[in-house]
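Take a look at the structure set out below.
The values are calculated or read from the model by the stated rules, or taken from the named source; none is laboratory data. What you see is a predicted model, and the numbers here were worked out from it, not measured in a lab. Cβ placement follows ideal geometry from the backbone for every residue including glycine, while neighbour counts extend to all protein chains displayed. Ligands, DNA and RNA are stripped out before the accessible areas are found, and what is left, the full protein with its side chains, is counted by its heavy atoms. Shrake-Rupley method; radii C 1.70, N 1.55, O 1.52, S 1.80 Å.
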Amino acid sequence: MQAHAAYEALLRHSREQALLVSCTELLSWDELTYMPRGGVEHRGNQMAYLAGLMHDQAADPRFGELLDVLQQSELVQDPLSDAAVNVRELRRIHHRATRVPRGLVEEMARISSFAQQEWNDARKQTSFAIFQPWLERIVALKRREADSLATCPDRYDTLLDDYEPGARSDDLARLFAALRNDLVLLLAAITGARRKPNVLILRRDFPVERQRIFGETVAAAVGFDFERGRLDTTPHPFFGSIGPGDVRITTRFHADNFSDGFFGILHEVGHALYEQGLDPARQGTPVGDSVSLGMHESQARLWENTVGRSRAFWKHFLPMARRVFPEALAGVRLDDFHFAINRVQTGDNRVQADEITYNLHILVRFELERALLSGDLPVADVPAAWNDAYRQHLGVTPPNDAEGCLQDGHWSAGMIAYFPTYTLGNVFAAQLFAKATQDLGDLSVPFARGEFAGLLDWLRANVHRQGQRYHSAKLVEHITGSPPDHRPLVEALRRKYSEIYGI
Ligand code: ZN
């Protein structure tokens, strides 16, 4: 077969896979937003059926033949050409589907749906013993998955490679060690500071309907396109990409908590801007798709924290917020509001953690996951190991397992080696923002005027439009001239928090 004809056939195959993925995205979005409880079983059948179809399509020997024809052709000579990138990334998908037996995929789907229910019960009854046998099964299945894939010599790396192609746990361990040293020092200085924020400002009465209107107004102002997306409410905020013209985000609102709903929106808007910024002409192929979870998270964190928790951002938006929430915010000064939304406090909960302690929560999970997969840590010892690690890295002890090792749902859903992508997101975001500032000048000036298009256009050109041309670490290096590096993050945090806390 001619290489060009093979490439056309490969693109068709890729777009068909993307169509199936987008169908599951729509079904999941519906399941998490509006589906009545009675739909659970049928939805499970629909999802399992589509998962089977996707597996068969990805494992199809004709798909492999097309890849073999193209691997030898002149089309892939330039490793950065569209064709070479698409062949490289579709090869990964084919490799995974042919190596991991269909039975194992189905078993994982079945066990994890039970495990998620048992995890919920275990949390309600604050009893790790309920979840333990299920976590044992999940860990055993993930080991089998890693051994059948065998992309890397180390099991953890093989699983990590699925979420963050090219990332290695030894590099991450070094990154975490360096980050921890600097963050612990900064945290000690903040804890000792005399200034304290008045966080009660954020716990006044914020009527939910007005929170939605304010959140949508800000989302549109930073660039979220409501013609090509929508906002709904769910208990756990997420985003879903149904297609190039349809990106959905969700948040949750509480009338006595401004931050939860608002920053939930801004975080998911960051994810959505990445999806809305992908190249529509390349849709359905790897060069038109997001590169990794870490890079995705970097976009979310950048808009939520770097932009959305900056003083300049609120210089523009606080007057509007005062008009929308006069009972809560009339008379609240910019400095006090800015301090309140940036409170740093050591705690036992990851989701509620601030920018500084967040990465220490991730470090705990990274260490435990590695030990679980290698076999150094038996599942039965997870609660004790969790509490030890929290004492060591954060200086706190969770009062019980529900608020300790049972707080996250990732493991019950079969997601092991996922957590480090959150910290990679923070590291990438800081590097990207430092470079954007170098290229565009001090961004607090346009932010204070409510102008965000300069930054968004820069991200579109440098990150979104690159698709999967480079793996995340290489993309960061390509853009900033430096491989992943914790220092820009530490410097940015040090600058921001020494000013806020007066240290
Ligand atoms: Zn996120």
Of all residues in segment 143-165 being of a type in the set (G, A, S) and modelled with pLDDT of 95 or more, the one that is surrounded by the most Cβ atoms within 10 Å (Cβ to Cβ): A146
Count of residues meeting criterion [without any contact (Cβ under 8 Å) to a residue 60 or more places away in the chain and within 11 Å of the ligand (Cβ to nearest atom)] in segment 268-319: 6
Checking E136 against (1) outside any loop (DSSP other than H, G, I, E, B); (2) crowded, with 21+ Cβ neighbours inside 10 Å, the condition it does not meet: (2)
Residues satisfying the stated conditions in segment 199-216, i.e. exposed (fewer than 13 other Cβ atoms within 10 Å of the Cβ) and either within 14 Å of L329 (Cβ to Cβ) or among the hydroxyl-bearing types (S, T, Y) (or both): L200, D205
Enumeration of residues in segment 235-244 that are open to solvent by 10 Å² or more (accessible area, probe 1.4 Å) and within 16 Å of the ligand (Cβ to nearest atom): P235, H236, P237, F238, F239, S241
Subset of segment 423-444 [open to solvent by 20 Å² or more (accessible area, probe 1.4 Å) and farther than 17 Å from G308 by Cβ]: A434, K435, Q438, D439, L440, G441, D442
Members of segment 405-427 that are out of contact with any Asp or Glu (no Cβ under 8 Å at 6 or more places or on another chain), within 14 Å of the ligand (Cβ to nearest atom) and not in a loop (DSSP other than H, G, I, E, B): T423
Test result for S113, closer than 27 Å to V139 by Cβ, open to solvent by less than 60 Å² (accessible area, probe 1.4 Å), in a helix (DSSP H, G or I) and touching a residue at least 40 places away in the same chain (Cβ under 8 Å): yes
Identity of the residue in segment 9-59, of a type in the set (S, T, N, Q) and within 22 Å of the chain's Cα centre (by Cα), that ends up surrounded by the fewest Cβ atoms within 10 Å (Cβ to Cβ): T33
Options L318, L278, L334: the member that is surrounded by 20 or more Cβ atoms within 10 Å (Cβ to Cβ) and either closer than 19 Å to L443 by Cα or outside the structural domain of G467 (by TED's automatic domain parsing) (or both): L278
In segment 245-261, residue farthest from the ligand (Cβ to nearest atom) [restricted to those that are closer than 19 Å to Q211 by Cα, without any contact (Cβ under 8 Å) to a residue 60 or more places away in the chain and open to solvent by less than 10 Å² (accessible area, probe 1.4 Å)]: G261
Residue, nearest to N462 (Cα to Cα), within segment 396-414, restricted to residues that are buried (at least 20 other Cβ atoms within 10 Å of the Cβ) and among the hydrophobic types (A, V, I, L, M, F, W, C): W411
